[in-house]
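All remarks here apply to the structure that follows.
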Amino acid sequence: MRKTLLIAALLWALPMLSQSTTGELRLTVTDPAGLGLKSTVELVSQGNEYRHTFTTDDQGSLDAKRLPYGIYRAQIRAQGFAEVSESVEIRSAIPLDRTIRLKVAAVSESVNVSAAGTLVDPYRAGSVNEMGLQTIENRLTALPGRSMQDLVNSEPGWLYEGNAVLHPRGSEYQTQFVVDGIPLTDNRSPSFGPEVEADDVDSLKIYTAGIPAEFGRKMGGVVEVNTLKSADPGFHGQLTLFGGTYDTGGINTQDQYTWNKNTFGLSASGNMTGHYLNPVVPENYTNNGTTGSFSLSYERELTPKDRLTLIVRHELARYEIPNELVQQNGAYLPNADNTTGCPPVPPADEPTDCVFVPGGQLQTGDNFETMGSIGYQHIFSSDTIGVLRGMSRDTSTDFYSNPASWPLIATNHNDFKEIYFNGSFSVHHGRQEFKAGIESDAIFLHENTSYVIPDCADPTDAQCPINLGILDSGAITFAFTGSRPDLEQAAYLQDLIRLGNWTVNAGLRWDHYQLLLNQNAVSPRLAVSRYFPTIGLNIHLSYDRIFQTPSFENILLASSPAAEAIDNSVPALQLPVQPSHGDYYELGATKALFGKLRLDANMFRRRVNNYADDSQILSTGISFPIAFDHAILYGAEGKLQLLQWKGFSGFASYSYIVGNAWFPVTGGLLLGDDAINPTTGHFPDSQDQRNTVRARVRYQVAPRLWIAVGADYNSGLPFQPDLTPQQYATEYGQVVINHLNFNLGRINPYFTQNASVGVDLYQREKRSVRLQADAQNLSNTLEVIDFGGLFSGNALGPSRQYTFRLVSTF
């Protein structure tokens, strides 16, 4: 009977999965007689970059929600009473109840408060980067569509390849955003899905190793995003206006009203720019973009033990695809028999070995997303809590081409509908924090892709840019439609154990994936740390077994017999794209220096079978998932951070990475000569940038004035040329080709600088108006971020740009 009850209890607990490593502080402040006292409470954790000032209610109570695990310093002030500063540790999802009794202040009594003890968390088992509200608010103003991605990309180990696609430690399309406890595993870059605005974000937590077992499916990097604000009583909000170079402009507002046990939130934004994607040539042809978003949230404390949260969000983006020189202006291109080149302008008699491409291409894209989520939390006892979350969304992406498009006229209409559920059951007992749960995700995919390649009766024509195994007597046409559900389930167990100065985070995860393949995987996770209190040093070691599902953008076509029939010479390419299996290792340390600095250093190694990547269909920007046989990536990272010292704050980081991927490749939609598939050999991973340096220093000149300067150095990504430098110059211009080293197969290094100034124009209590001005790429360097080869396209960074941001809070 006891065994039956135990099994039943476990099965009941499993549906309570939650993806969050945050806790809650319920604080009560009283006078010497034990009566509730209205007071001001400042809560600070330098290690988590958290700082917020609360006001207790008339009963002396406050509820600080969604606090990242760590050590906090609480400073309490009340008129007529002595100030109190106490240390508070948040180690569990279960709310921590704390009562602090104030004493009547003596005439000469004073308190010296230091938050230095919160610099390093002695019980953090793995490496994780926290980003708080101050860093988010003082960030460099980003172009629309990439504000949150820019924040993540500022951390060591993360790289842009192009169009704000994030690559953590060399992984392609394997970044998972967990927004308010809901995982979003699709590509969230500007050309694939709407962004979550940085102005809507309250805090970020970023994992690249030591990843808890509750996270799965996309494991290159995990970014926890919290958009829910502290529930301060009354009506509060923020209005942001910004504008600058490239005809960029935007407006964003977040508003929140809290009364009794209810909190209602609203956010909305609209942005436009002439530099939405990364252009392929410096002229920045056809690159306009607009974005918009609207969201509502409602949270209610049903009882002291029950909380309900509802969120609805709608986002959209419309944009143009940047043109190459030939696509924009037209040009004569040589056919296969040409050995002398072609004239730059049409001659009186058209050469027989040249074909004129007229130019005038216009390709456009859009994406739309509507999402609703619900969360319910119940506290069963002082050491047990359960959370349920559900989400439903409808997301669509479209791609259009006008008749002048070259080298092909493509259209793409994809959408998916997703129904997701998770829940967790957490038990805090002594030195342990135990968690168990399941999740279920059903994604219903619909794909519709077609293209026309004109004038391909003769494969030597320049307007027939590929040599296919099947040729018609005229234009080549192709159309594909497909629908299929992607069904994924998971369950996990994990235990966080503190044994003196040792901390162990052990977990086990089971995943099931069913789309084109049906696979199961069991993934153990282990992170161990040892804290040395006398020197303020935390050393950690982690191992993550990972199971990663393939990117589902165009996966039905990439793995279909229809794609195989396009070119019958290489049928092996269209095998179903396999999930990735891999092993991540990391050794690192965190050290506090002089009570003001924190140094983080890590070494890592990753080996991944069926290494995920993507390929574009010629020059369209439409991408398809592929997988290489395996890849090995290793490197080191370091970050020195100054939290606050005599008005200075800032960071400097360095990343080193080496990555190689091995043939053969499966999946994709590689046409003609691009589809030649070696069965052996390896090449540098497309994110194999050996050296990356980032730095930014901020100085508070006066209470209402600050300045900041920063710099980025990138040693250059590899590229694999499939044309001659002269042919590339025709498409992209000689100025771009001058930044390429064809002997090394690498983009030349580039160094950029930025500067900012911020001023508080008005400040009174919780009302303020502040202005920030940013200048980026001060030296006007041509940033060749990525260069087209077999599996990727061109990407150039913005030239010198200026932006202004006006923020009003109330």
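The values are calculated or read from the model by the stated rules, or taken from the named source; none is laboratory data. What you see is a predicted model; the values in this text were computed from it and never measured. Cβ atoms come from the backbone with ideal geometry, glycine included; neighbour counts cover every protein chain shown. Areas reflect the complete protein model, heavy atoms only, side chains present, ligands, DNA and RNA absent. Shrake-Rupley method; radii C 1.70, N 1.55, O 1.52, S 1.80 Å.
List of remarks:
This table checks each residue for (1) part of a strand (DSSP E or B); (2) closer than 17 Å to Val179 by Cβ; (3) among the β-branched types (Val, Ile, Thr).
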site	(1), (2), (3)
Glu224	yes, yes, no
Leu228	no, yes, no
Phe242	yes, no, no
Tyr246	no, no, no
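- Flag if Ala93 is open to solvent by 10 Å² or more (accessible area, probe 1.4 Å), among the aliphatic types (A, V, I, L, M), at pLDDT below 90 and within 28 Å of Gly386 (Cα to Cα): yes
- Unmet requirement for Asp629, which otherwise passes all of (1) at pLDDT below 95; (2) under 27 Å from Asp544 (Cβ atoms); (3) of a type outside the set (A, V, I, L, M, F, W, C); (4) crowded, with 19+ Cβ neighbours inside 10 Å: (4)
- Matching residues, segment 636-652, being in contact (Cβ under 8 Å) with a residue 24 or more places away in the chain and either of a type outside the set (Gly, Ala, Ser) or crowded, with 22+ Cβ neighbours inside 10 Å (or both): Glu637, Lys639, Leu640, Gln641, Leu642, Leu643, Gln644, Trp645, Phe648, Phe651
- Any chance Ser191 is open to solvent by 10 Å² or more (accessible area, probe 1.4 Å), part of a loop (DSSP other than H, G, I, E, B), of a type outside the set (Asp, Glu) and closer than 29 Å to Asp786 by Cα: yes
- Where Val281 falls short, out of the listed (1) open to solvent by 60 Å² or more (accessible area, probe 1.4 Å); (2) touching a helix residue (DSSP H, G or I) at 6+ places or on another chain (Cβ under 6 Å): (1)
- Identity of the residue in segment 707-726, in contact (Cβ under 8 Å) with a residue 60 or more places away in the chain and more than 21 Å from Thr781 (Cβ to Cβ), that ends up farthest from the chain's Cα centre (by Cα): Gln726
- When residues of segment 213-230 are limited to those that are open to solvent by 10 Å² or more (accessible area, probe 1.4 Å) and out of contact with any Asp or Glu (no Cβ under 7 Å at 6 or more places or on another chain), the one farthest from Leu496 (Cα to Cα): Ser230
- Single match in Gln772, Gln776, Gln763 (criterion: within 30 Å of Thr55 (Cβ to Cβ), touching a Pro at 6+ places or on another chain (Cβ under 9 Å) and in contact (Cβ under 8 Å) with a residue 40 or more places away in the chain): Gln763
- Subset tally (residues that are open to solvent by 50 Å² or more (accessible area, probe 1.4 Å) and either modelled with pLDDT under 85 or within 21 Å of Ser615 (Cα to Cα) (or both)) for segment 719-746: 8
- Candidate set from segment 477-501 (those that are aliphatic (A, V, I, L, M) and either within 18 Å of Phe215 (Cα to Cα) or surrounded by fewer than 16 Cβ atoms within 10 Å (Cβ to Cβ) (or both)); member that is modelled with the lowest pLDDT: Ala479
- Looking only at segment 294-317, residues that are more than 16 Å from Glu369 (Cβ to Cβ) and touching a Gly at 6+ places or on another chain (Cβ under 9 Å) come to 7 in all.
- Tally of residues being modelled with pLDDT of 90 or more and open to solvent by 10 Å² or more (accessible area, probe 1.4 Å) across segment 194-209: 3
- Residue check for Ala74: of a type in the set (Gly, Ala, Ser), surrounded by 17 or more Cβ atoms within 10 Å (Cβ to Cβ) and assigned to a strand (DSSP E or B): yes
- Where His378 falls short, out of the listed (1) over 30 Å from Arg91 (Cβ atoms); (2) assigned to a strand (DSSP E or B): (1)
- Subset tally (residues that are among the aliphatic types (A, V, I, L, M), surrounded by fewer than 21 Cβ atoms within 10 Å (Cβ to Cβ) and either under 23 Å from the mean Cα position of the chain (by Cα) or modelled with pLDDT of 95 or more (or both)) for segment 783-810: 3
- For segment 173-188, the candidate set comprises residues that are touching a Pro at 6+ places or on another chain (Cβ under 9 Å) and part of a loop (DSSP other than H, G, I, E, B); within that set, the residue that is nearest to Glu320 (Cα to Cα) is Arg188.
- Residues of segment 653-665 that turn out to be open to solvent by 40 Å² or more (accessible area, probe 1.4 Å), over 19 Å from Gly588 (Cα atoms) and under 21 Å from the mean Cα position of the chain (by Cα), as a count: 0
- Tally, over segment 522-535, of residues that are over 25 Å from the mean Cα position of the chain (by Cα) and open to solvent by 10 Å² or more (accessible area, probe 1.4 Å): 8
- Selection of first residues in segment 360-377 that are farther than 18 Å from Pro190 by Cα and basic (Lys, Arg) and of second residues that are open to solvent by less than 40 Å² (accessible area, probe 1.4 Å) and not in a strand (DSSP E or B), restricted to Cβ pairs under 8 Å at least 6 apart or on distinct chains, gives an empty result.
- Positions within segment 297-309 being part of a strand (DSSP E or B) and more than 23 Å from the chain's Cα centre (by Cα), in sequence order: Tyr298, Glu299, Arg300, Glu301, Leu302, Thr303, Asp306, Arg307, Leu308, Thr309
- Some residue of segment 536-553 being open to solvent by 40 Å² or more (accessible area, probe 1.4 Å) and of a type in the set (Gly, Ala, Ser): no
- Taken across segment 117-133, residues that are over 11 Å from the mean Cα position of the chain (by Cα), open to solvent by 10 Å² or more (accessible area, probe 1.4 Å), of a type in the set (D, E, K, R) and at pLDDT below 85 do not occur at all.
- Tally of residues being open to solvent by 10 Å² or more (accessible area, probe 1.4 Å) and either under 30 Å from Ile555 (Cβ atoms) or touching a helix residue (DSSP H, G or I) at 6+ places or on another chain (Cβ under 7 Å) (or both) across segment 413-436: 8
- Any hit, segment 681-703, residues being open to solvent by 60 Å² or more (accessible area, probe 1.4 Å), modelled with pLDDT of 95 or more and in contact with a Lys or Arg (Cβ under 8 Å, 6 or more places away or on another chain): no
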